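Heads up: the structure comes next, in structure tokens.
The values are calculated or read from the model by the stated rules, or taken from the named source; none is laboratory data. As the structure is a computational prediction, the values presented were derived from the model and not from experiment. Cβ atoms come from the backbone with ideal geometry, glycine included; neighbour counts cover every protein chain shown.
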Amino acid sequence: MAYRIDLPHFKNHTNSRVESLFGKVKQQMKGHFSLHSSLKVMLSFQRRKEEEYYAKV
């Protein structure tokens, strides 16, 4: 990251956008969630991101 100081990074310091997105999803989820709860969290995260996108467009 020290070498990226003068480069545009769009607040994304990971190697790929998918890795960055996965990190954000993991922040929202807890290890003790059941599969049902995990899916609810993932779907609410996706819904919120879609709403943010449509608000910008």
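Considering only residues in the stretch 23-57 that are at pLDDT below 75 and assigned to a helix (DSSP H, G or I), the one that is surrounded by the fewest Cβ atoms within 10 Å (Cβ to Cβ) turns out to be GLN28.
Pull up the stretch 1-22, narrow it to residues that are modelled with pLDDT of 70 or more and among the small types (Gly, Ala, Ser), then point me to the one that is surrounded by the most Cβ atoms within 10 Å (Cβ to Cβ). Restricting to residues being modelled with pLDDT of 70 or more and among the small types (Gly, Ala, Ser), the top hit is SER20.
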